Amino acid sequence: MSYTRIIGSGSAVPDNVVTNAMMEAIVETSDEWIQSRTGIVERRISTDQNTSDLAYLAAKRAMEAAAVDAKSIDLLIVATVTPDMPFPGVSQLLQRKLNMHPITAFDVNAACSGFIYAINVADAMIRSGSYRRALVIGAETLTKITDFTDRNTCVLFGDAAGAVVIEPSDTPGIERVITRSKGDHEGLLTLEGYPLKQGFKTPQKPWPFLQMQGSEVFKFATRAMPEIINDLLSQSSYTMDDIALVVAHQANRRIIESSGKKLRIPEDKLFMNIEHYGNTSAASVPLAIDEAIRSNRLKKGDLFLTVAFGAGLTWGGALIRL
Ligand SMILES: CC(C)(COP(=O)(O)OP(=O)(O)OC[C@H]1O[C@@H](n2cnc3c(N)ncnc32)[C@H](O)[C@@H]1OP(=O)(O)O)[C@@H](O)C(=O)NCCC(=O)NCCS
């Protein structure tokens with residue numbers, strides 16, 4: 001065994017659809033502004049399912065598609081920046097919900113690139129020979145850290161989960177993964193944490209919300225996405241002609257289109273579902289992969305590229321044959 005491959009995928013989103021027209025009633029914005037600047041038409045906002053609940057549904061669907069049982073999984077990795085609580089991790093909460101054996105289970109925090117990081121780790125751990133089957137998930141309830149009085153950010157995000165099952169393979173599946181990170185000292189995309197104790201008093205702090213310098217993040221993303229795609233291709237024997245689909249992190253339609261233009265990627269090779277979900281952070285890539293598979297945009301044997309970027313700063317991508 002020298003490779004790993006994806007043998008099934010699944011995803012889940014909350015039922016609650018919030019349209020741009022509904023956002024117009026919350027902040028000073030317009031459907032026209034949101035659609036033309038981002039490509040988003042609606043998003044899902046959870047009111048009763050936490051990150052582990054969405055992860056549970058996505059995991060069940062992925063295992064069903066792979067025709068495997070939860071008891072056969074010996075590695076569980078959940079990429080998230082919006083866990084139900086700081087600890088236990090979503091992976092352990094999920095392990096209990098799925099009634100799994102005592103196995104290796106942990107969360108990964110690499111923001112919107114989290115799923116790519118989790119794939120990188122799972123691929124290496126399986127190829128080491130120590131693990132036989134991994135469940136890898138990206139799950140978020142990002143709207144709970146979104147400030148719904150800040151029009152610069154609140155129109156962008158949504159809640160979702162996506163999952164894949166990975167196992168050893170004699171033929172190439174996950175062919176190459178790249179993960180990169182660079183400390184964000186300028187605070188381009190941050191969420192404030194717990195304050196330090198001052199004289200053992202507990203400071204009264206407002207609920208923390210994510211903060212973003214949108215146009216700076218935009219510039220970073222439009223550099224990071226082509227860089228990763230170029231590197232994945234140049235480190236392999238493939239060209240864009242061999243790629244069936246580019247499944248990018250769905251943060252902004254303009255970021256995907258601009259990268260596509262720079263690299264002369266035909267439009268029909270750029271997968272897009274941002275209009276329905278907005279930016280769902282670590283869930284975005286596995287949700288998109290699952291939708292691409294279920295809608296037959298990706299078929300068994302197809303080679304595809306996936307790429308993500310986010311807070312950290314983090315970025316990365318993978319070249320995967322189904
Ligand atoms: C956030 C983003 C959509 C803003 O688009 P933009 O074209 O850069 O717009 P700007 O930030 O330059 O803002 C332009 C104007 O629109 C306004 N604006 C911002 N949000 C608005 C909204 N929801 N509705 C209406 N107007 C809005 C701004 O206040 C600004 O007004 P001003 O010129 O009077 O100051 C874009 O920068 C982006 O997508 N950045 C990347 C974000 C991202 O991907 N984050 C996650 C990474 S994983």
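Data overview
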{"item": "Qualifying residue in segment 275-290 (condition: closer than 21 Å to residue 19 by Cα, of a type in the set (Asp, Glu), touching a residue at least 12 places away in the same chain (Cβ under 8 Å) and buried (at least 18 other Cβ atoms within 10 Å of the Cβ))", "result": "no"}
{"item": "Whichever residue in segment 69-113 is polar (S, T, N, Q) and not in a loop (DSSP other than H, G, I, E, B) and, among such residues, is farthest from residue 282 (Cα to Cα)", "result": "72"}
{"item": "Residue 245 being closer than 20 Å to residue 319 by Cβ and either surrounded by 14 or more Cβ atoms within 10 Å (Cβ to Cβ) or touching a helix residue (DSSP H, G or I) at 6+ places or on another chain (Cβ under 9 Å) (or both)", "result": "yes"}
{"item": "Residue match in segment 114-127 (condition: charged (D, E, K, R) and outside any helix (DSSP H, G or I))", "result": "no"}
{"item": "In segment 175-194, residue farthest from residue 322 (Cα to Cα) [restricted to those that are free of Cβ contacts under 8 Å to residues at least 60 places away in the same chain and open to solvent by 60 Å² or more (accessible area, probe 1.4 Å)]", "result": "194"}
{"item": "Selection within segment 271-284 - of a type in the set (A, V, I, L, M), within 11 Å of the ligand (Cβ to nearest atom) and within 17 Å of residue 109 (Cβ to Cβ)", "result": "282"}
{"item": "Residue that is nearest to the ligand (Cβ to nearest atom) [pool: residues in segment 24-34 that are touching a helix residue (DSSP H, G or I) at 6+ places or on another chain (Cβ under 7 Å) and in a helix (DSSP H, G or I)]", "result": "34"}
{"item": "Members of segment 45-68 that are over 20 Å from the mean Cα position of the chain (by Cα) and either outside any helix (DSSP H, G or I) or not assigned by TED's automatic domain parsing to the domain that holds residue 130 (or both)", "result": "47, 48, 67, 68"}
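The values are calculated or read from the model by the stated rules, or taken from the named source; none is laboratory data. All figures in this text were calculated on a predicted structure; none of them were measured in a lab. As a convention, Cβ positions derive from the backbone with ideal geometry for all residues, glycine included, and neighbour counts pool all protein chains shown. Side chains are part of the model used for accessible areas, which takes the heavy atoms of the whole protein and leaves out ligands, DNA and RNA. Shrake-Rupley method; radii C 1.70, N 1.55, O 1.52, S 1.80 Å.
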